[in-house]
Amino acid sequence: MPSLFRLAMPLAFAALASLPALAEDPPRYNQVSLRAEASREVAHDLMRVTLYSEAQHKDSGQLASDITRSLNTAVERARQVAGVTVSLGSRNSYPVYDDQGRRIVAWRERAELRLESADFAALSQLSAELLGELKIGDMRFAIADATRQKGEDELLQEAVKAFGERAKLATRALGGSGYKLVSLNLNSAGITPPPFPRAAMAMKSMDREAGVPAQEIEAGSSQVSVSADGVIEVQMP
């Protein structure tokens, strides 16, 4: 027990000795919270198309086989187009009941194929060609990760510069002689797409001699933003 007491005493004195040091930290006055933001419109450079195969059959096994065959044909065709990324989406099946809702009379299944490319013309043409096997479920445009990162890096510098200008303005408004930066947080506000409806492909009637038509593409743009939130301490003369 005495040895434990001797060990505890130095620790207690060390803790007490640190209290004055903490109390001596000068209080901060004339602090102002500021926010600045930089944003720009960035053109979409990525196209994403979701196609699907959907059918109904009394035999669930035959239905699954037909859906798989349809998807495999589409995947094989899509892989032949350079620059197109191919992936499978969701796939589900469910029973179809009779009018009384008691007996299963058939099965219905739906499976998705997702395509992505920076070559809008090639993907649009491919999607049109695949309409023989599949249907268009959705078509969207986005900003590629590398493009978004480059835009955010440039906007970060603009946001910091804008924050500095606001700090100077606030300092002058308060009659200060200068300011110190207490804290600064930089955040990406993400991507804000414009309010337009999903672009579902409306294909015209096909002229077999002219070939399969591809939809004209208007990709649009989205707003990318970076904000700078911080606190300054105004120095008074």
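Among the residues of the stretch 51-78, how many are polar (S, T, N, Q) and buried (at least 18 other Cβ atoms within 10 Å of the Cβ)? First the steps, then the outcome.
At the first step, the residues of the stretch 51-78 found to be polar (S, T, N, Q) are 53, 56, 60, 62, 65, 68, 70, 72-73.
From what is left, the residues that are buried (at least 18 other Cβ atoms within 10 Å of the Cβ) are 53, 70.
Selection size over the stretch 51-78: 2.
Filter the stretch 73-118 down to residues that are touching a Gly at 6+ places or on another chain (Cβ under 6 Å) and at positive phi, then give me how many there are. If you could, list the steps in order and put the result at the bottom.
Start the filter on the stretch 73-118 by keeping residues that are touching a Gly at 6+ places or on another chain (Cβ under 6 Å), which leaves 112, 114, 117.
With the extra rule that they be at positive phi, the set shrinks to none.
Number satisfying all stated conditions: 0.
Inside the stretch 72-96, can you point out the residues that are in contact (Cβ under 8 Å) with a residue 60 or more places away in the chain and in contact with a Leu (Cβ under 8 Å, 6 or more places away or on another chain)? First the steps, then the outcome.
The first filter runs over the stretch 72-96 and keeps only residues in contact (Cβ under 8 Å) with a residue 60 or more places away in the chain, leaving 73-74.
Scanning the stretch 72-96 gives a single hit, Ala74.
Just so you know, all these numbers are worked out from the coordinates, no wet-lab data involved. Being a predicted model, the structure only gives us computed values, none of them experimental. Because the Cβ atoms are built from the backbone with ideal geometry, glycine has one as well, and the counts that use them run over all protein chains shown.
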